[in-house]
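Novice: Here it is, the structure in full.
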Amino acid sequence: MDSALSKAGAVNRVTKEYTVRDKTYIALNIDNAHWMTVVMHMIKQEFQVLDSLYPLDLTEKTVKALRMAIAHDMHLANLITPEKYPDVSKWPINEYDMPQQEDGNSCGLFVTECLEHWDGDRMTRHFSQATVDARRRRFVAELIMSPLNTMECVKNKIREIARKRRA
């Protein structure tokens with residue numbers, strides 16, 4: 001039997017992560033070696049797989065495990081609020097075409113592009129390995145210089161390095 005704490009955690013995930021919008025975007029790690037995007041699409045009632053490297057037959061087992069974990073959370077939530085949440089355990093897992101990476105280390109950045117540009121039917125902007133490579137350089141700067149980064153000493157060191165390079 002599931003503990004009350006476990007049920008509460010499942011209900012929290014269901015109500016605050018899975019069902020608050022039409023699409024839930026999930027960055028999914030495969031064997032600690034590769035990242036891909038899975039979208040739980042509530043309206044289409046499907047799990048969408050966007051993978052920049054592997055075909056679905058190589059990752060489907062992991063996606064099915066994710067689907068079953070979410071289905072378990074939905075089941076626990078339904079024990080508290082009966083029949084409110086869908087049974088996602090049988091939803092199809094569909095692979096969608098997306099740009100492919102040309103190296104062995106850009107998968108995380110391809111996931112970032114998917115999170116920004118997949119609308120549930122198509123990519124809203126074309127991107128490629130070249131786009132991802134250019135973004136890689138900007139991404140670090142955006143993270144470091146973000147207003148949310150409160151480490152002003154790091155920002156100042158970066159500014160100092162940039163000034164010296166320009167001089």
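Every number here is computed from the coordinates shown, using simple stated rules; none is lab data. Only a predicted model underlies this, so the values are computations on that prediction, with no experimental measurement involved. So basically every Cβ, Gly included, is an ideal-geometry build from the backbone, and we count neighbours across all protein chains shown.
Novice: Could you tell me which residue of the stretch 109-159 is nearest to M98 (Cα to Cα), considering only residues that are part of a helix (DSSP H, G or I), among the β-branched types (V, I, T) and out of contact with any Phe, Trp or Tyr (no Cβ under 9 Å at 6 or more places or on another chain)?
Specialist: T131
Novice: Further question on the same structure: What are the residues in the stretch 30-64 that are assigned to a loop (DSSP other than H, G, I, E, B) and either polar (S, T, N, Q) or at positive phi (or both), if any?
Specialist: D31, N32, Q45, S52, listed by residue number.
Novice: Could you tell me whether L56 is touching a residue at least 24 places away in the same chain (Cβ under 8 Å), more than 21 Å from N105 (Cβ to Cβ), surrounded by fewer than 18 Cβ atoms within 10 Å (Cβ to Cβ) and not small (G, A, S)?
Specialist: yes
Novice: Just one of (1) touching a strand residue (DSSP E or B) at 6+ places or on another chain (Cβ under 9 Å); (2) more than 19 Å from A33 (Cα to Cα); (3) in a helix (DSSP H, G or I); (4) in contact (Cβ under 8 Å) with a residue 40 or more places away in the chain trips up R67, so point out which.
Specialist: (4)
Novice: Which residues, taken from the stretch 95-108, are among the charged types (D, E, K, R), part of a loop (DSSP other than H, G, I, E, B) and surrounded by 13 or more Cβ atoms within 10 Å (Cβ to Cβ)?
Specialist: Correct list: E102 only.
Novice: Right, next: Could you pull out the residue among D121, D87 that is closer than 21 Å to H41 by Cβ and under 17 Å from the mean Cα position of the chain (by Cα)?
Specialist: On inspection, the qualifying residue turns out to be D121.
Novice: If we keep just the residues of the stretch 112-167 that are touching a strand residue (DSSP E or B) at 6+ places or on another chain (Cβ under 9 Å) and exposed (fewer than 12 other Cβ atoms within 10 Å of the Cβ), which is farthest from W35 (Cα to Cα)?
Specialist: Here the answer is T124.
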